[in-house]
Every structure is written in C-alpha cells, then in structure tokens.
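The values are calculated or read from the model by the stated rules, or taken from the named source; none is laboratory data. Since the model is a prediction, treat every value here as computed from it, not as a measurement. Cβ coordinates were reconstructed from backbone atoms using ideal geometry, including for glycine residues, and neighbour counts include every protein chain displayed. These accessible areas exclude ligands, DNA and RNA; they are computed on the full protein's heavy atoms, side chains included. Shrake-Rupley method; radii C 1.70, N 1.55, O 1.52, S 1.80 Å.
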Amino acid sequence: MILLDGKRVASEIRTALKDEIIRLKQKNIVPCLGVILVGEFPPSVIYVRNKESACQEVGINTKTLRLDEKVSESELLSIIAEWNQNQSINGILVQLPLPNHIDTQKVLDAIKPEKDVDGLCSYNLASLIANREPYFYPCTPLGIITLLRKYNIPIEGRHCVIIGRGELVGKPLANMLLQKSCNATVTVCHTKTSDIINFTRQAEILVVAIGRPQFVKREMVKEGAVVIDVGVNRIQIQSVEGKKPNANSKIVGDVAFDEVKEIVSAITPVPGGVGPMTVAMLLVNTVSASKRQMQTG
Ligand code: GUN
C-alpha cells in the first residue's frame, strides 16, 4: 500500500515555487493574493490563516479583508470590483461558505477570470466543459490530479468514481477527469444515489468528497483501488483527563482509513493528503496569475 503523501508533495512544490518567486522578484514581480473572509466560521478562519502563512513562506504577499458576517452583497461586489482594477493584486480568493444572504455564485462571478485563482467563477468553470483552457483550475481537483501524477498513478481509461457533486470538488473534478488530458471514465455519486456500494466497488480510483466522517467502509472499496479522501471532519473521541482542549476531538476524513488501507493499492491520509495539495495549487495559481498579468500589462 502506498501512502499518497500530500504534505510531502506540497512541500516540494512550495520549494520549487520559492525559487521561482526569487527569480520573479529580480524582475520586480511580487505576486500578491487578495483574500476575503466573511464572518468567523471556525474552519474558514483556520483555512484562511493556513493560506496566508503558506503564501508568506514562499514569498507571496497577501492582503486579507476580514469582514463582518452582516456585510452586504453589494459591498462585497464593490470590493471585488476595486481589487479587479488594482494592479498590485494578482489573485482574488473569497473564502467559502458565504452567509446565506449573499448569492455566492454572483460574488464569485464578479472576480475577473484572470484573477480567479480558485477557478470557481462561471467563466473558468464553463471553460472546463467547453473545451477551452480556463485561466485557472479549481485548487482541490487540480491538487488531486497533481498528486496522482506525482505518484505515476495511471488515470487514462480507468474508472474513477467520485462521491460528491459539490461545486468545489465533485463537479469540477468530474469534468477535469473527462478531459482529453486525463481520459478517465467517470461516475459521480451523491446523497440520492441508490445502492451506492454498487458503484463504489467498481472504482479503480475512488474520490470521496461528501463531508461525512468515515463514510466509506472497507466493503465499499474494490481490492487494489486508489482512494482519495477529500473529507475534513472533526469528531469527538473519548475524553482523556488532563489533556489539552481539543484532546477529545480529532480530524478524520470521509473514509474509514484504518480498515480501508488494508485492501487498497494507494490512499491519501487525513490530515496530510489532499488538504496541503489544495493550498499548494493556490500558490501555483497565484504565481501564474502574476506572471501572466505582467506579460499582458
Ligand atoms: N472553502 C473550502 N474549500 C475552499 C476552497 O477551495 N476555496 C474557497 N474559496 N473556499 C473554500
């Protein structure tokens, strides 16, 4: 069994980026990512902090706006309009989820496609199915495909089953795997799929992105499959006296790792699998945004 070590691969990618950014700085290009965080949803606060420190580590500047959860949609749109014009900001990321009173896709669509380093605006997403190269691919699907490539796991002709049809992972990943650059056969399952085990057991590559702790059990997985676990779930465990706060909870994925790892050919751990790859792809996209904008003015 191969452990697909996203933490290690992401760190290699960051090291290469650091060198590239040093070279860019010699040409007076300093990549900068603008981040908008609305409210204080605890996972989002942590994700944004991780993204900021990853940027800092490789030499990307960040400008983060932390806004009250009551911020109006129009205020958000006007900040984005301003950042679209601001030449010192190369990439714009709006951390999701947004509060319910805000139309998420409208906000994402306000980001200029050339600065949409998350690859989530309609133009970039539509490009995926229109056989047109998007400016950016969404970070988590790109991270998954990059990880498979780094471990020389073949994708072409293989049956990839994705559990989850979300806008951030399942839907874009399905389309990316269908592209000629991957040539996979793709099945997408979701909460309303009946007899889901019938599909998951056929998967040569199984990607799980549904946000349900340890949902995929050993009997749902074909022997020798490659399993990619996108889930990040905090679960309570029995409290241990005298331990620090948080000692009675831990992070698990959407896959029951300990039992599934026994029968697979490769699997991502949680944490340390897909998560670090997502952040690394954001850095890659931001650097590529800065290079492209410097060329086009
Ligand atoms: N929330 C959870 N994952 C993501 C992501 O990849 N991008 C953004 N913008 N928000 C997220």
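Quick look at the values:
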read-out	value
Which numbered condition residue 53 misses (of (1) within 22 Å of residue 143 (Cβ to Cβ); (2) open to solvent by less than 40 Å² (accessible area, probe 1.4 Å))	(2)
Subset tally (residues that are more than 21 Å from the chain's Cα centre (by Cα), part of a helix (DSSP H, G or I) and of a type in the set (Lys, Arg)) for the range 6-27	2
Tally, over the range 143-168, of residues that are farther than 16 Å from residue 224 by Cβ and either touching a residue at least 40 places away in the same chain (Cβ under 8 Å) or within 18 Å of the chain's Cα centre (by Cα) (or both)	14
Candidates 106, 25, filtered to the one that is of a type outside the set (Asp, Glu), closer than 29 Å to residue 211 by Cβ and out of contact with any strand residue (DSSP E or B) (no Cβ under 6 Å at 6 or more places or on another chain)	106
Qualifying residue in the range 146-153 (condition: touching a helix residue (DSSP H, G or I) at 6+ places or on another chain (Cβ under 6 Å), basic (Lys, Arg) and within 16 Å of the ligand (Cβ to nearest atom))	no
Subset of the range 33-44 that is loosely packed, with under 14 Cβ neighbours inside 10 Å and within 13 Å of the ligand (Cβ to nearest atom) - its residue that is farthest from residue 277 (Cα to Cα)	42
Total residues in the range 98-113, condition assigned to a helix (DSSP H, G or I), within 14 Å of the ligand (Cβ to nearest atom) and not small (Gly, Ala, Ser)	5
Residue ID - nearest to the ligand (Cβ to nearest atom), chosen from residues in the range 80-97 that are under 19 Å from residue 283 (Cα atoms) and in a helix (DSSP H, G or I)	83
Residue that is closer than 30 Å to residue 120 by Cβ and open to solvent by 40 Å² or more (accessible area, probe 1.4 Å), where the choices are 292, 218, 201	292
Whichever residue in the range 61-70 is within 16 Å of the ligand (Cβ to nearest atom) and out of contact with any Cys (no Cβ under 6 Å at 6 or more places or on another chain) and, among such residues, is nearest to residue 35 (Cα to Cα)	64
Qualifying residue in the range 155-167 (condition: open to solvent by 40 Å² or more (accessible area, probe 1.4 Å) and acidic (Asp, Glu))	yes
Of all residues in the range 116-132 being open to solvent by 40 Å² or more (accessible area, probe 1.4 Å) and in a loop (DSSP other than H, G, I, E, B), the one that is farthest from the ligand (Cβ to nearest atom)	131
Among (1) open to solvent by less than 50 Å² (accessible area, probe 1.4 Å); (2) within 16 Å of the ligand (Cβ to nearest atom); (3) in contact with a Pro (Cβ under 8 Å, 6 or more places away or on another chain), the one test that residue 135 misses	(1)
